[in-house]
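One structure is given below, encoded as structure tokens.
Each value in this text was obtained by applying a stated rule to the coordinates, not by laboratory testing. This structure is a prediction, so every number in the text was calculated from the model and none was measured. Neighbour counts run over all protein chains shown; Cβ positions are idealised from the backbone, glycine included.
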Amino acid sequence: MDKVLKKLADELNSLDEASLISLWDKYYERVQNFTPSREWEEDILILSMIQSVRWKNQLFNKCLSSQPLAKSGGKKNSLRPVRRNKVKKSAKVLRFKPRE
């Protein structure tokens with residue numbers, strides 16, 4: 001199981017964040033219409049994976065930017081967050097709760 005999850009994480013990490021985020025609305029709309037089906041389960045997992053890539057990149061950039069500057073040979077070696085292509089439409093984190 002561990003190997004399968006690591007392989008999935010490796011594959012997911014190799015995908016372009018901007019391309020994934022462009023699919024966010026599509027899968028958000030699909031999971032809004034719940035049906036007890038395998039297709040709905042796969043759609044919610046896809047949406048979760050898209051969210052996880054976005055969260056991982058935000059956390060990575062935050063951690064990287066908070067590191068102190070390293071000194072090498074008296075010069076400051078500035079570490080900066082990886083800049084990704086900005087997507088026009090920003091994604092949002094969903095708050096899951098039962099419908100009333």
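With the Kirkwood sum run over all distinct C-alpha pairs, region 2-77 has a hydrodynamic radius of 14.9 Å.
Counting neighbouring Cβ atoms within 10 Å and putting the fewest first, the residues R54, R38 line up as R38, R54.
Estimated at 0.36 nm per residue, the fully extended path between Q32 and S52 surpasses their Cα-Cα distance by 5.3 nm. Working from label points 7 Å from Cα in the Cα-to-Cβ sense, the S65 to S14 distance is 3.0 nm.
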